[in-house]
């Protein structure tokens, strides 16, 4: 009797499963950091931008009330000695502006946009500072590090995910919030201009440079990531090393070092002033996460004039990227990388006793 044998392709339940790619693990680590600190990374800059817009609206309302009171009995408002217009007719004012007046108006708008968009960046400095300070300490304090150490995740990838979160993820979100705040500010100003008979395209969007400023802010993220490494590395090192009160250790060690150097005038050995140590060591260890602090070493073209026009020089992409050619940046990068490496080693040493 002939037997019919049927064969089917059934996957073996013990077939080997491919290990996840290293980039997939790192992506998951970044998601973990974002969801655990979503309040600081995402909501804090958005709320700061919203507060900035709210204050702008309040200032405009106060200005409207004051302007209404400035209208004379004849219904005229005198601006300097050149313009006398009927009420608050911004259209009449705009029609009498020449190229120089429009340039000055544009500089003033750029300055106002920068001030409005600075709120998310101020919050960013605090968020990154305290995030790095507690990144490795908090997981040891609540013993959650035992869970994460049980997973196939290396200390290197864990620490580098925190570095990437502080230097890339948080700045990108804060910059997007700042650009949104800046555009919201222009929308509010445009509504006020329209309310008083002006053309927003002529008096707001034309003279100002919102797209240029937004592009420069976004393009400055890599410079921020490199410039912030000394502070990020130092705070992570304190977070991995300190058994308690990492904030006090992070502040006291640089400050006491500066006092010690100043007291004994040690910088004279290198023929340098004491202020050099405070500026290039203490300040870099504590305040490099503040956006824009690199402008002190940037080459600012056209910064020989005063007034709002200087914002053009400060925000020029060439000026921002000139920081990449300075030794101060790369020495800080090297120091930050060394401290991050020490943090990786300390994370294992602290946990394994």
Seminar exercise, completed: Taking first residues from region 23-52 that are at positive phi and second residues anywhere that are part of a helix (DSSP H, G or I) and exposed (fewer than 15 other Cβ atoms within 10 Å of the Cβ), the pairs with Cβ under 9 Å that are 6 or more apart or on different chains are none
Exercise. Does residue 281 count as without any contact (Cβ under 8 Å) to a residue 40 or more places away in the chain, on the phi < 0 side of the Ramachandran plot, assigned to a helix (DSSP H, G or I) and loosely packed, with under 15 Cβ neighbours inside 10 Å?
Worked result: no
Exercise. Within region 111-151, can you find the residues that are assigned to a loop (DSSP other than H, G, I, E, B) and either touching a residue at least 12 places away in the same chain (Cβ under 8 Å) or within 27 Å of residue 291 (Cβ to Cβ) (or both)?
Worked result: 136
Exercise. Out of all the residues in region 234-243, which are in a helix (DSSP H, G or I) and either more than 21 Å from the chain's Cα centre (by Cα) or surrounded by fewer than 24 Cβ atoms within 10 Å (Cβ to Cβ) (or both)?
Worked result: 237, 238, 239, 240, 241
Problem set entry | Which numbered condition residue 331 misses (of (1) at pLDDT 95 or above; (2) crowded, with 16+ Cβ neighbours inside 10 Å; (3) outside any loop (DSSP other than H, G, I, E, B)) | (2)
Exercise. Do we have residue 103 as modelled with pLDDT under 95 and in contact with a strand residue (DSSP E or B) (Cβ under 8 Å, 6 or more places away or on another chain) here?
Worked result: no
Seminar exercise, completed: When residue 231 is run through (1) in contact (Cβ under 8 Å) with a residue 24 or more places away in the chain; (2) over 30 Å from residue 135 (Cα atoms); (3) part of a helix (DSSP H, G or I), the failure sits at (2)
For this session: Report yes if residue 145 is within 21 Å of residue 23 (Cβ to Cβ) and in contact with a helix residue (DSSP H, G or I) (Cβ under 7 Å, 6 or more places away or on another chain), otherwise no.
Result: no
Exercise. Does residue 177 qualify as being touching a residue at least 40 places away in the same chain (Cβ under 8 Å) and either touching a helix residue (DSSP H, G or I) at 6+ places or on another chain (Cβ under 7 Å) or part of a helix (DSSP H, G or I) (or both)?
Worked result: yes
Problem set entry | Filter pass, residue 219 being closer than 26 Å to residue 284 by Cα, surrounded by fewer than 17 Cβ atoms within 10 Å (Cβ to Cβ) and modelled with pLDDT under 95 | yes
Exercise. Is it the case that residue 51 is at pLDDT 90 or above, closer than 29 Å to residue 204 by Cα, touching a helix residue (DSSP H, G or I) at 6+ places or on another chain (Cβ under 7 Å) and assigned to a helix (DSSP H, G or I)?
Worked result: yes
Exercise. Would a scan of region 247-256 turn up a residue that is crowded, with 17+ Cβ neighbours inside 10 Å and either outside any helix (DSSP H, G or I) or touching a residue at least 12 places away in the same chain (Cβ under 8 Å) (or both)?
Worked result: yes
Problem set entry | residue 208 assigned to a loop (DSSP other than H, G, I, E, B) and either touching a strand residue (DSSP E or B) at 6+ places or on another chain (Cβ under 9 Å) or touching a residue at least 40 places away in the same chain (Cβ under 8 Å) (or both) | yes
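The values are calculated or read from the model by the stated rules, or taken from the named source; none is laboratory data. Predicted model only: the values in this text are computed from it and were never measured. Cβ atoms come from the backbone with ideal geometry, glycine included; neighbour counts cover every protein chain shown.
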